[in-house]
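Readers should treat all values here as calculations from the given coordinates under stated rules, not as data from a laboratory. None of the values given here were measured: they were computed from a predicted structure. For neighbour counting, all protein chains shown are included, and Cβ atoms are generated from backbone atoms with ideal geometry for every residue, glycine included.
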Amino acid sequence: MSQAFHNPELRAAFAPKGALRASINLGNPILARRDQSGAPAGVSVDLARALARLLGPEIEFKVFEKAAASVDAVRQEEADIGFFAIDPARSEGLSFSAPYVLIEGSYLVPSASSIQANDAVDREGLRVAVGEGSAYDLFLTRELKAATIVRVPGAAGVMQALRAGEADVAAGIRQVLQAEAAAAGAGLRMLPGRFMVIQQAMGMPASRGAGAARALHDFVEAMKASGFVAQALERHNVQGASVAPAAQA
């Protein structure tokens, strides 16, 4: 695989501006955050650095607070690669690898809520808070028929809406919601199980061609098979997320 990335045409397809520009979404704290110095860190950052080492150019990070902005940066070719949940609503103009990590999406409600199960969420009059443009927003927009979706900026906005009584249910990353529920005096509880499994993948502009898309696919598969992704999850103390299985040939 490393020899393939030394192909000048392939390197130009990945990094036409010289540096490899990686779009990083801080809205998913499971995979990306800022370290003590303020620099981006996390599993997706490690993968971006590993790809840059194979290609040869410098790495340049473009950091966003919301998934939608991170996706748009790649779609508009302001970034060369990104790290997104696979969703049909995001497919236009992008090429996705197979997933490298699986993350559960769950619901959080006030302790006093009458809601006891995931399938009880979709009913008239219930308000479900989601991060605008997130994988949860895209999925629930298709799936919920009766409940009202309350779109807010990012995970922090979701919790603010729930605590302020502007929403009856919070939807998001299971591990993040569990931490909120476990906080002293939170008065919140998780609904059992999950309502979706998020497939986190790498993406790039579709205009870069089938060869580049295949190379990105092969890179992700190699990073899973080598143990790199599992080691990154452990290194960053990520709980709950799992390495995605190998893609079918």
### Message
Once each part is reduced to its C-alpha centroid, what is the distance from region 18-61 to region 201-240 in angstrom?
### Response
12 Å
#### Entry: GluC sites (Glu not before Pro) within region 60-123: DSSP coil, no more than 13 neighbouring Cβ in 10 Å
GLU78, GLU92
### Task
Would you mind counting up the charge near GLN160? Only other residues with Cβ under 12 Å from its Cβ, with Lys and Arg at +1 and Asp and Glu at -1.
-1
### Task
Note down the net charge around LEU108, summing +1 for each Lys or Arg and -1 for each Asp or Glu among other residues with Cβ under 15 Å from its Cβ.
+1
### Message
Within 13 Å, Cβ to Cβ, of GLU124, how many net charges do the neighbouring residues add up to if Lys/Arg are +1 and Asp/Glu are -1?
### Response
+1
### Query
Where in the chain are the helices, taken as whole DSSP H runs, whose Cα atoms extend 15 angstrom or more along the long axis and whose Kyte-Doolittle mean reaches at least 0.5?
43-55
### Summary
Computed about the Cα centre, the charge dipole of region 183-249 from +1 Lys/Arg and -1 Asp/Glu charges at the Cβ has a magnitude in debye, to the nearest 20, of 160 debye
### Task
Please give the residues of region 216-249, grouped as numeric ranges, whose backbone N is less than 11 Å from a label point set 7 Å along the Cα-to-Cβ vector of GLN36.
none
### Query
Which percent, to the nearest 5, of DSSP beta bridges fully inside the chain are antiparallel?
60 percent
#### Entry: Lys/Arg +1, Asp/Glu -1 at C-beta; region 1-104 dipole; positive extreme among VAL71, LEU102, ILE24
ILE24
### Message
Please give the charge dipole size of region 65-135, origin at the Cα centre, charges +1 on K and R Cβ atoms and -1 on D and E Cβ atoms. Round to the nearest 20 debye.
### Response
240 debye
### Query
Can you give the calculated 222 nm mean residue ellipticity of the chain, where each DSSP H run of n ≥ 4 adds -39,500 (n - 2.57) and the sum is split over every residue, rounded to the nearest 500 deg cm²/dmol?
-9500 deg cm²/dmol
### Summary
Once normalised by the length of region 104-196, the mean sequence separation of its alpha carbon contacts under 8 Å that are 6 or more apart gives a contact order in percent of 46 percent
### Message
If the only charges are +1 at each Lys and Arg Cβ and -1 at each Asp and Glu Cβ, what is the size of the charge dipole of the chain around the Cα centre, to the nearest 20 debye?
### Response
220 debye
### Message
I need to check one value: relative contact order of the chain, counting alpha carbon pairs closer than 8 Å and at least 6 residues apart, in percent.
### Response
26 percent
